[in-house]
Amino acid sequence: MKKYLTDLVVSSNERLHPNYCLLRLTQNVPLPEMFPGQFVEIKVENSPATFLRRPISINYVDRIKNELWLLIQIVGDGTRKLSELKEGDIVNLIYPLGNSFSIFDSQDKDKKLLLIGGGVGTAPMLFLGSKLKTLGYSPIFLLGARTSSDLLQLEMFLQFGTVYTTTEDGSQGEKGYVTNHSILKKRDFDMIYTCGPKPMMVSVVNYAKQIGISCEVSLENTMACGIGACLCCVENTIEGHICVCKEGPVVNIQKLTWQI
Amino acid sequence: MANLNVNIGNLQLKNPVMTASGTFGYGLEFSDFFDISKIGGIFVKGTTIHHREGNFYPRMAETPSGMLNAVGLQNKGVDYFISDIYPQIKDIDTNMIVNVSGSTIEDYIACAEKVNDLPQIPAIELNISCPNVKKGGMAFGTNCQSAAEVVAAVRKVYHKTLIVKLSPNVTDITEIARSVESAGADAVSLINTLLGMAIDAEKRKPILSTITGGLSGPCVKPVALRMVWQTAKAVKIPVIGLGGISNWKDAIEFILAGATAIQIGTYNFIDPTISVKVVDGINEYLDRHSFASVKDLIGVLECN
Ligand SMILES: Cc1cc2nc3c(=O)[nH]c(=O)nc-3n(C[C@H](O)[C@H](O)[C@H](O)COP(=O)(O)OP(=O)(O)OC[C@H]3O[C@@H](n4cnc5c(N)ncnc54)[C@H](O)[C@@H]3O)c2cc1C
Ligand SMILES: Cc1cc2nc3c(=O)[nH]c(=O)nc-3n(C[C@H](O)[C@H](O)[C@H](O)COP(=O)(O)O)c2cc1C
Ligand code: FES
């Protein structure tokens, strides 16, 4: 799949929350094809502490407005600089990168597809959900956050499927972690997709393995090049070290060697 | 348009700009972004006689204006290179150079012998300077005698251009350069990464799985430039300069300090097209200063 090195224009940068922003990017010509799970490597200008590009998942692609969305959690200098971008600013991207979530090519549109996202790990789940909906599926989202104001883009998720939530303080949805949610008692899912903090993904993998559901995780190993050239981002798998930026970020849990 | 050709031993480069081993994959990773045959050469990933899994993750730590890596020569071995990679890269119209590494002299010899048989690989770069492996690697390159031994041994079996990559983690790099020159090297390239370390204060733990790693990027440029300048005065064979180059001006500085050609490493991650931009920038500089050939610029630094 062809990768592009391009300048895109910021069409808006919305502060969804004190620590999160939604960056919408566009260009004059139609954006290239992108798949859920893929990410971009964005260059951060005017941030002396930020030498390398920053990997950010593709949050959503709005084909009508020709916009690429990035949901960014502010954790350090690089992401803070990105949160300060203004409409009309130019950003340089290498994209689309990495593989993508596997999607059933099935006539059976009743398949139960569960998408579990925690924290900023909900970002790729929105794009995946939108794609599944377009294909005729009715995805089930299970989204977790610390508190209700951290649950972002809920109105968007609701457009594409059923939404269940958990918060650690019980301010919205069920109280606790996503992996404690009562919906998981049903155990009749055909596929689970997940992205979020490592401890959360470990619990999800544990759950999926116990009841034998096929499951894919999206990894966030630190990266330098993002294009498979430096071998810095490796994950140890049953096939040896794989580059998360190229052979991932989406990995089937059968391949993982996590100690669970 | 000035003449950008330079020679490294018998190797002819269409221009002095090449990409550094371990930072440019096999070149193919960059072909979506520009015509990679426009640069003078591509040093492919470190290759060893046997498959190596490399070090455990985490292998990378960002630093001010640079990064530490501890990849540890992950590669599928020279036989895989020959059967699976070589066919894909052999027709790229530039010098494809294999970076050869090993844990023992026998490994280096065996790997170099196999690469010698590949008609479209005109040169090897002997990596005696990798700081990220427990055995061999940098251990060869930080001692004059062992550096000379491994170079002399490879020289016997390798009949094309032999470049030796030097470690900056030494007291006097010119001594090592001179010993590999007398052992038969056709050129030296420098620098490999500087041994460094990163700590996560919150977790009170090292960031890299190997604790220490190799520092590269713009932060190492002044050290690299100094070493290239010293080495170019100390040896008669051509010097290939690298370490922190991120624009055409950096490249010109290395050439003025005595480098016949340069390599770009870490900066490929920031701008995958940087190497071809540096080619254009060198050309503009030569025109602007009325130099007919880039060769006229090599080592002409005025130090009085
Ligand atoms: C494939 C991939 C997709 C990603 N998608 C998104 C996304 O959609 N939205 C988003 O906000 N972030 C995403 N990230 C994480 C994001 O890249 C990092 O948060 C960012 O690089 C931090 O940069 P910084 O300069 O702000 O912080 P830094 O100053 O670099 O780091 C601040 C803190 O964040 C931690 N950190 C840095 N990088 C990572 C990482 N890769 N994973 C976990 N912790 C990290 C550091 O250890 C440090 O404690 C993704 C990462 C990967 C690899
Ligand atoms: C991720 C990474 C991997 C590297 N792998 C190799 C290698 O396999 N063999 C080698 O000789 N040098 C290797 N190097 C060193 C570079 O080729 C180069 O000498 C060094 O990075 C300094 O140049 P720079 O500052 O332009 O990157 C590697 C460097 C990096 C950053
Ligand atoms: S980040 Fe360089 S290979 Fe993945």
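The values are calculated or read from the model by the stated rules, or taken from the named source; none is laboratory data. Just so we're clear, the structure is a prediction, and the values are computed from it rather than from any experiment. As a convention, Cβ positions derive from the backbone with ideal geometry for all residues, glycine included, and neighbour counts pool all protein chains shown. For accessibility, only protein heavy atoms count, side chains too; no ligands or nucleic acids. Shrake-Rupley method; radii C 1.70, N 1.55, O 1.52, S 1.80 Å.
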Per the filter on the range B:151-176, residues over 21 Å from residue B:19 (Cα atoms), in contact with a Ser or Thr (Cβ under 9 Å, 6 or more places away or on another chain) and open to solvent by less than 20 Å² (accessible area, probe 1.4 Å) are B:151, B:173, B:174, B:176
Take residue B:96 and tell me if it is of a type in the set (A, V, I, L, M) and within 14 Å of another protein chain (Cβ to nearest Cβ). no
From the options A:26, A:79, residue that is within 14 Å of chain B (Cβ to nearest Cβ), over 22 Å from residue A:216 (Cβ atoms) and among the β-branched types (Val, Ile, Thr): A:79
Got at least one residue in the range A:79-92 being hydroxyl-bearing (Ser, Thr, Tyr), more than 27 Å from residue A:246 (Cβ to Cβ), within 13 Å of ligand 1 (Cβ to nearest atom) and surrounded by fewer than 21 Cβ atoms within 10 Å (Cβ to Cβ)? yes
How many of the residues making up the range B:71-96 are small (Gly, Ala, Ser) and either within 23 Å of residue B:120 (Cβ to Cβ) or assigned to a strand (DSSP E or B) (or both)? 2
Which listed residue is within 10 Å of chain A (Cβ to nearest Cβ), among the aliphatic types (A, V, I, L, M) and away from ligand 1 (no atom under 16 Å from the Cβ), from B:71, B:78, B:6: B:71
Does the range A:47-74 hold any residues that are within 14 Å of another protein chain (Cβ to nearest Cβ), open to solvent by 30 Å² or more (accessible area, probe 1.4 Å) and without any contact (Cβ under 8 Å) to a residue 40 or more places away in the chain, and which are they? A:48, A:49, A:54
Going through (1) open to solvent by 60 Å² or more (accessible area, probe 1.4 Å); (2) free of Cβ contacts under 8 Å to residues at least 60 places away in the same chain; (3) under 30 Å from residue B:61 (Cβ atoms); (4) of a type outside the set (Asp, Glu) one by one, residue B:221 fails only at (1)
Within the set of pairs 6+ apart or on separate chains, which have a first residue in the range B:99-123 that is closer than 20 Å to residue B:20 by Cα, a second that is outside any helix (DSSP H, G or I) and of a type in the set (Asp, Glu), and C-beta atoms under 9 Å apart? B:99/B:125; B:100/B:125; B:120/B:91; B:123/B:186
Hits in the range A:240-260 (condition: within 16 Å of ligand 1 (Cβ to nearest atom), surrounded by 20 or more Cβ atoms within 10 Å (Cβ to Cβ) and not in a strand (DSSP E or B)): A:244, A:245, A:248, A:249
Can you spot a residue in the range B:115-138 that is within 14 Å of ligand 2 (Cβ to nearest atom) and farther than 21 Å from residue B:43 by Cα? no
Going by what's in this entry, would residue B:210 be described as within 24 Å of residue B:126 (Cα to Cα) and modelled with pLDDT of 95 or more? yes
For the range A:232-239, check the following and say yes or no: at least one residue is more than 13 Å from ligand 3 (Cβ to nearest atom), outside any strand (DSSP E or B), farther than 19 Å from residue B:70 by Cα and open to solvent by 10 Å² or more (accessible area, probe 1.4 Å). yes
So which residues in the range A:3-14 are within 14 Å of chain B (Cβ to nearest Cβ) and in a strand (DSSP E or B), if there are any at all? A:4, A:5, A:6, A:7
Of the residues in the range B:243-267, those that are polar (S, T, N, Q) and touching a residue at least 60 places away in the same chain (Cβ under 8 Å) come to B:260, B:263, B:266
Condition met for residue A:98 (open to solvent by 20 Å² or more (accessible area, probe 1.4 Å) and at pLDDT 95 or above): yes
Selection status of residue A:216, touching a residue at least 40 places away in the same chain (Cβ under 8 Å), away from ligand 3 (no atom under 16 Å from the Cβ) and not small (Gly, Ala, Ser): yes
